Protein chains: 4
Amino acid sequence: MAVKRNTESRKQPSQERSKKMVEKILKATREVLLKDGVDGLSTRKIAAQAGISTGSLYQYFPNKLAVVKAIYSACLEDVISDLEVLVDIPPMSIGEFMETLDTRLDRFYTPEKYSESSPDRAFELELFKAMNIFKELREIDEQHERNVVNVLANGLAKVFVDQSPDNLLRVSTYLYGIHTAFDEILVAGICESAPLLIPHKKAMVAVIQTLE
Amino acid sequence: MAVKRNTESRKQPSQERSKKMVEKILKATREVLLKDGVDGLSTRKIAAQAGISTGSLYQYFPNKLAVVKAIYSACLEDVISDLEVLVDIPPMSIGEFMETLDTRLDRFYTPEKYSESSPDRAFELELFKAMNIFKELREIDEQHERNVVNVLANGLAKVFVDQSPDNLLRVSTYLYGIHTAFDEILVAGICESAPLLIPHKKAMVAVIQTLE
Amino acid sequence: MAVKRNTESRKQPSQERSKKMVEKILKATREVLLKDGVDGLSTRKIAAQAGISTGSLYQYFPNKLAVVKAIYSACLEDVISDLEVLVDIPPMSIGEFMETLDTRLDRFYTPEKYSESSPDRAFELELFKAMNIFKELREIDEQHERNVVNVLANGLAKVFVDQSPDNLLRVSTYLYGIHTAFDEILVAGICESAPLLIPHKKAMVAVIQTLE
Amino acid sequence: MAVKRNTESRKQPSQERSKKMVEKILKATREVLLKDGVDGLSTRKIAAQAGISTGSLYQYFPNKLAVVKAIYSACLEDVISDLEVLVDIPPMSIGEFMETLDTRLDRFYTPEKYSESSPDRAFELELFKAMNIFKELREIDEQHERNVVNVLANGLAKVFVDQSPDNLLRVSTYLYGIHTAFDEILVAGICESAPLLIPHKKAMVAVIQTLE
DNA sequence: CATGAATGAGGGTTCATTCAT
DNA sequence: GATGAATGAACCCTCATTCAT
């Protein structure tokens, strides 16, 4: 790719028409990504898939990277909003929390979510991995990591009020790390999700227990 | 990239001179990878960084992919040989094993190994992630994953003799997953290794306990 | 060269503009071929000669071979359509045919056609010879040879009804061979056409007489 | 290729050793040419086939073209010496000559020579055609053509003493042209030689009769 | 706004030729 | 002399980006 200029959207999709175009482009990009992978992604293919001209693409995005960035950011937002289920913790004691932890994890790691890792998830992971090659996307990724970890840490802080922020951040970081690892294993299709949920939850619990 | 030919080294570095050249090329490649990412890796840059001509590069490697493969494979071999410490389990009962597990993990996760995640390790992880986009390297990666998991499973089988191979493989897969996650966090420099070792070991233990 | 993909024109020159571009490229290719030979033909030179960019060339042809193919095919078509004059034989007896053969050959080998072997013809012959090294063009050439010979044989079959197809094909092959030789001599400029027409026609007649 | 410098042999093979080396190189080149064609010919392959180093090749030939030139010239000399059979005409009248012409042609076009177009002949023709792509070899070819035609014309001059040199040259040129065409047909394997000899000889005779 | 032809730098790779050993 | 590693120009081709229409 080797893109240099600003990578922001060239215009706010203030008009309905524009919004639709942006959507169309993003959708097409996702499709091309799924079909041909990151190194098979080209503006020509995106435009063709979207049924527009390459020139039009540049009316809505300053360059190719911006398109991928948009997709990537949206994907990361999904992850954040997904996590908020875990994080929405009403005030409770550590004891109460630990007692309900299992249920809580069950609610988060529903079999449905993992039983059939939908193409969507497969795509997200694909994208996620692929992003490693674009240096410019690293900062987004790092910011995202920080966001996620903060969200988790804030949630845990409501329960483990005596823990230092450092500790909470550390544990959150680790939790997110093994969560991602779990995701990757499932998406890679190495193991089925159901039997793997047990060790995963045990690991999560064990890690959180270090905060007690 | 899309390379088709054989991607083995073009000649055995039988002579001292050749060996040095290969080293020089691999070193240069690592440097370019670190600086410009996979996306920015080109044979021209490698040659420039190594202070040789592009033609010379092709005297030692049949194509670009082969260079990356060489680096990648070496990196994976390191991982395997590293793991063998964990795997060398003398016959013992589950009880004995669980008792010594903590010591065992301490021996594996020595602070020295992680205290200063050397630039080398940082690079390896970079590479590791990046490889996801090259289909031909995926095979290597998947084979590696299988190797690692088998090594682990075989080790655990000596202790958990009653467990089904499936179960052992599953747990091993997961263990390797969170091991990698732990690695990545440390290499990314998000957390220091020492305090993170505690939750990580707890997680490992918890997962292994599911085999009891 | 060694080109693999499809070697057809990338787009129908439906628009006037495209047609002009294709023409420009073909013209430039002819010029480069005449100046530097097949050996010196490169996409860069073609583009430079045509006053376009290398990229543009690939908008109209999928690869270098396709450009040469286009020129070559056009050249072969000319040959075929040229021959149709000879082939348009109304039903007649062998005696009648042999009597009119000389006239017939006169009509085919008009002095105008050969008096000024235009640069175009010179080029075509150049190309014709040169093509022998490109395997993919050989097929075209062989197919062309078969077409020409069939056309001739079918023509002769109308007169020499008792001859075996084998014989007709053999004689046609030979006739085409010496026709080409005649062409080459004239194009090479070794001899003037007018005086050479006499032995050539004698040879043609003598060969055809073997069918009587 | 694109070779520019002098294309003469770098040294006279004064010493026995040198002569052997030159032979070895030429033999290897022929083998590579037969196997991989002109566009597959490289100094590396020649050296490998000859069992020497590329450097050594340049001790005996200034560049790649010189090697091909050497082979080509040798090949052309063979053609000349072959023709001398036809040309060695004792003084005789036109009548005598025409009477013996058929025998003469029989002696030249022996079935053995053509029945099994030996690999050698196949190679020569291959080379012959291939040379069309090397502008530098054209002059050799043209000189050769002139030589051959002169040889023929001189031979015919002994019989057709009243003919103008121009006429003799013209007829010789044409005779050589159709001779070459005949050769090509046989080498291409389109027709078997035996039945084709009849029309070919008829054509030769018819052409020579124009001198009467 | 939309188009898509045109651009041209840059990609991977080859190979004739040289030169230190 | 012989070697073969090293060179680097040149090869064919792609693709992000621009701009005249």
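Since every read-out is calculated from the coordinates, none of them should be taken as a lab result. If you're wondering where the values come from, they're calculated on a predicted model, not measured in any experiment. Neighbour counts are summed over all protein chains in view; Cβ atoms, including those assigned to glycine, are modelled from backbone coordinates with ideal geometry.
Position A:Asp141: other-copy label points at 1.0, 5.4, 5.8 nm, ordered by increasing distance, label point 7 Å along Cα→C-beta. Placing a label point 7 Å from the Cα of A:Asp162 along the Cα-to-Cβ direction, the distances to the matching points in the other copies come to 3.8, 12.2, 13.5 nm, shortest first.
Once the other residues with Cβ under 15 Å from the Cβ of C:Ala157 are scored (Lys, Arg +1; Asp, Glu -1), what is the net sum?
Values: positive: C:Lys158, C:Arg170; negative: C:Asp88, C:Asp162, C:Asp166, C:Glu212.
Value of the local net charge: -2.
Closest approach of a chain B Cβ to the axis relating B and D (residue, whole Å): B:Gly55, 4. Starting from the label point of B:Asp102 at 7 Å along Cα→Cβ, the same points in the other copies fall at 2.4, 11.5, 11.9 nm, in ascending order.
Dividing the alpha-carbon radius of gyration of the protein assembly as shown by the rule-of-thumb value 2.2 N^0.38 Å gives 1.38.
Mean partner shielding of peptide A:182-192, defined as the number of other chain Cβ atoms within 10 Å of each residue Cβ, is 4. Alpha carbon centre of region A:45-112 versus region B:62-100: separation in Å? Spelled out, the Cα-based centre of one part sits 34 Å from the other.
Here the ratio of the Cα radius of gyration of chain A to 2.2 N^0.38 Å is 1.17. Projecting the Cα atoms of D:Phe108, D:Met98, D:Ser193 onto the charge dipole of region D:71-209 (Cβ charges, centred on the Cα centre) puts D:Met98 farthest toward the positive pole. Here the 3J(HN,Hα) profile of region B:202-212, calculated from phi with Karplus coefficients 6.51, -1.76 and 1.60 at θ = phi - 60°, is 4, 5, 4, 4, 4, 5, 5, 4, 5, 8, 4 Hz, Gly and Pro shown as x.
Please compute one quarter of the surface area of the Cα convex hull for region C:16-66 and express it in square nanometres. If you can, show how the numbers build up before the last one.
Details: hull surface 12.1 nm².
Averaging across all directions leaves 3.0 nm² for the Cα convex hull.
Per-residue Karplus couplings for region B:32-42, computed as 6.51 cos²θ - 1.76 cosθ + 1.60 with θ equal to phi - 60°, are listed in order as 5, 4, 5, 7, 10, x, 4, 4, x, 7, 9 Hz, Gly and Pro entered as x.
Annotation: Cα Rg of region B:129-174 relative to the compact-globule expectation 2.2 N^0.38 Å equals 1.38.
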